[in-house]
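The values are calculated or read from the model by the stated rules, or taken from the named source; none is laboratory data. From a predicted model like this one, the values you see are computed outputs, not experimental measurements. When we count neighbours, we look across all protein chains shown, and the Cβ atoms used for this are built from the backbone with ideal geometry, even at glycine.
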Amino acid sequence: MRLSHQQGQGQSQSPLTSAHIAQTMTLLSMTTTELLQTIDLELSKNPALELINERRCPMCGRKLPPTGPCPVCSQPRTLDPEETIVFVSPRDDFYSYSGRGGFDGDNTPEDPYASINIDLPSYVMHQVAPDLEREEQKIAAMILSNLDEDGFLAIEIRDICRFHHTTSSSVERVLTKIRHCEPLGVGARSIEEALLAQVDVLAESTEVPNHIREAIAEHFDLLSKHHFGEIAKKLRVTNEEAKSLCHFISENLNPFPARSNWGNFRQPNDSSPDVFHQPDILIYYLNNNPKNPLIIEIITPSRGTLRINPLFQKALNKSADEKKEEWKKDLDKASLLIKCIQQRSNTMRQLMEKLVNIQKSFIIQGDTYLEPLTRAHIAEALDVHESTISRAVANKTVQLPNKKIIPLSTFFDRSLAVRAIMRNIIENEIHALNDTEIKNRLEKQGIKIARRTVAKYRSMEGILPAHLRRIEKFATV
DNA sequence: CTATGGCACGGATT
DNA sequence: AATCCGTGCCATAG
């Protein structure tokens with residue numbers, strides 16, 4: 001089904017050709033983590049494929065030291081800051097390269113498989129996924145990969161919106177569904193929210209006390225201190241009722257629903273949800289000095305070099321005829337995989353070279369400087385099919401010199417620059433501007449968008465509407 | 001009555 | 001062919 005648009009010539013040729021195309025495409029759209037899983041899977045069931053303890057640079061083919069990128073390819077030829085160095089970097093340690101801010105959960109797992117295990121995120125994902133649209137699933141994946149060890153949300157909703165170019169209300173919608181999963185209340189931002197979610201679910205099957213939502217939402221501090229008298233006063237109920245409220249809560253609700261460890265059992269080859277734990281591409285200045293050239297490192301998983309097992313090759317030549325068929329298949333598969341991985345690296349490198357060239361000022365100076373760009377445009381420049389670019393961009397994340405991790409698709413965002421300008425306008429506003437006024441300001445800068453669109457951008461950025469902003473401004477000053 | 005958010009449509013993008 | 005994104009229209013809240 002995936003090959004549907006590949007008709008025409010070539011179809012009648014050997015099956016290797018179409019298999020090659022198919023596999024190249026699937027590999028291309030994989031994240032680094034998924035690629036590693038694929039390789040491991042193939043290694044485990046294909047005797048023709050072998051992993052030897054010798055690391056070679058995928059670009060120049062030189063032997064490499066046991067860890068780190070290629071010392072030759074990763075060295076700039078000059079120290080010209082105009083130059084950028086793009087190279088494919090085989091990392092056996094790429095899992096430790098998480099530089100994501102605000103996430104302390106799993107900085108450096110010892111076991112490279114740690115982030116592939118079925119853990120809390122996957123567990124919840126399996127529950128919600130069927131209820132969600134495709135786009136919502138991605139949001140859910142991001143939410144779930146940003147939970148702290150108690151299952152609370154360790155990321156701002158605003159950041160999720162910006163990451164996925166969506167509005168806070170749609171994120172909230174997903175969040176609500178997640179909170180109603182086992183463990184009840186996972187993904188809450190606070191204990192209160194977790195408890196409220198549990199009350200919601202409980203209310204569907206049983207009777208819940210009258211003022212319980214109000215008590216949790218507004219008087220949680222009193223509740224935890226067991227100040228029944230005060231609670232009773234605030235809610236205008238009797239002391240007895242207040243007491244029974246507390247009792248109900250301690251009996252039926254769990255303030256840390258997701259606390260405790262989620263076993264370490266492994267996940268075989270389940271179609272795992274997107275997990276944004278690791279960037280697929282790193283961009284940084286050489287030696288972190290902005291005067292040096294930019295380095296673009298395309299991470300590729302590697303604990304050695306993949307090759308065809310020479311023993312297998314020999315055995316094949318000698319073997320009996322019936323087995324030959326079978327073994328030949330494995331051999332073909334193995335060499336196909338190796339070729340396709342090379343091709344993937346190559347495409348990624350070409351893509352990044354072009355991309356960095358065009359979006360350099362965005363990388364260095366930030367959102368405002370993002371050039372409008374479409375995948376089709378890059379495809380034309382590189383003379384490849386646009387679907388190739390689509391797949392290469394899909395599901396990948398980039399770590400910028402400022403250590404922020406963003407999706408690669410941000411490089412093709414049409415509205416990011418406008419939103420950045422809008423943010424700027426709002427930050428510098430004297431009094432809270434309403435959407436129409438913002439629209440006019442933008443128009444003065446040569447940006448023509450509808451008022452409705454301003455509202456949407458605002459929501460994506462997590463900026464409150466004008467009348468609510470006014471209050472906030474005075475509160476902070 | 002004004003500002004904002006929801007829904008849905010159509011053109012662009014993938 | 002499927003999806004995304006900007007926008008217009010309308011309901012609703014303030």
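Couple of notes before you dig in:
- In this structure, residue A:451 qualifies as of a type in the set (Lys, Arg), surrounded by fewer than 16 Cβ atoms within 10 Å (Cβ to Cβ) and within 13 Å of DNA strand B (Cβ to nearest atom).
- Of the residues making up the range A:39-68, those that are of a type outside the set (A, V, I, L, M, F, W, C) and modelled with pLDDT of 85 or more are A:42, A:46, A:47, A:50.
- Residues satisfying the stated conditions in the range A:429-468, i.e. away from DNA strand C (no atom under 13 Å from the Cβ), modelled with pLDDT under 90 and either part of a helix (DSSP H, G or I) or closer than 21 Å to residue A:172 by Cβ (or both): A:462, A:463
- Filtered residues of the range A:287-302 (kept if at pLDDT below 85 and crowded, with 18+ Cβ neighbours inside 10 Å): A:301, A:302
- Unmet criterion (only one of (1) within 16 Å of DNA strand C (Cβ to nearest atom); (2) crowded, with 17+ Cβ neighbours inside 10 Å) for residue A:330: (1)
- Residue A:414 meets all of the listed conditions (1) more than 15 Å from DNA strand C (Cβ to nearest atom); (2) out of contact with any Ser or Thr (no Cβ under 7 Å at 6 or more places or on another chain); (3) of a type outside the set (Asp, Glu) but one, namely (1).
- Only a single criterion out of (1) closer than 30 Å to residue A:468 by Cβ; (2) touching a residue at least 12 places away in the same chain (Cβ under 8 Å) is not satisfied by residue A:409, namely (1).
- Among the residues listed as A:349, A:344, A:391, the single one being in contact (Cβ under 8 Å) with a residue 12 or more places away in the chain, within 14 Å of DNA strand C (Cβ to nearest atom) and either under 23 Å from residue A:85 (Cβ atoms) or surrounded by 15 or more Cβ atoms within 10 Å (Cβ to Cβ) (or both): A:391
- Unmet requirement for residue A:361, which otherwise passes all of (1) away from DNA strand B (no atom under 11 Å from the Cβ); (2) assigned to a helix (DSSP H, G or I); (3) without any contact (Cβ under 8 Å) to a residue 24 or more places away in the chain; (4) farther than 24 Å from residue A:81 by Cα: (4)
- Annotation: residue A:412 fulfils all but one of (1) away from DNA strand B (no atom under 13 Å from the Cβ); (2) at pLDDT 85 or above; the unmet one is (1).
- When residues of the range A:138-168 are limited to those that are within 13 Å of DNA strand C (Cβ to nearest atom) and of a type in the set (S, T, N, Q), the one nearest to residue A:406 (Cα to Cα): A:166
- Residue-level analysis places residue A:379 among those that are within 21 Å of residue A:413 (Cβ to Cβ) and of a type in the set (Gly, Ala, Ser).
- Residue check, residue A:374 farther than 18 Å from residue A:279 by Cβ, surrounded by 16 or more Cβ atoms within 10 Å (Cβ to Cβ), within 11 Å of DNA strand B (Cβ to nearest atom) and within 23 Å of the chain's Cα centre (by Cα): no
- Wholly within the range A:106-201, helices (runs of 4 or more DSSP H) carrying at least 1 residues that are modelled with pLDDT of 75 or more and surrounded by 21 or more Cβ atoms within 10 Å (Cβ to Cβ): A:134-144, A:157-164, A:168-179
- Verdict on residue A:294 being of a type outside the set (D, E, K, R) and either under 18 Å from residue A:41 (Cα atoms) or touching an Asp or Glu at 6+ places or on another chain (Cβ under 7 Å) (or both): no
- Consider the range A:364-377 and keep the residues that are within 16 Å of DNA strand C (Cβ to nearest atom) and in a helix (DSSP H, G or I). The one that is nearest to residue A:30 (Cα to Cα) is A:375.
- Residues satisfying the stated conditions in the range A:398-427, i.e. surrounded by fewer than 21 Cβ atoms within 10 Å (Cβ to Cβ), among the β-branched types (Val, Ile, Thr) and under 29 Å from residue A:289 (Cβ atoms): A:406, A:410
- Here residue A:402 qualifies as away from DNA strand B (no atom under 16 Å from the Cβ) and in a loop (DSSP other than H, G, I, E, B).
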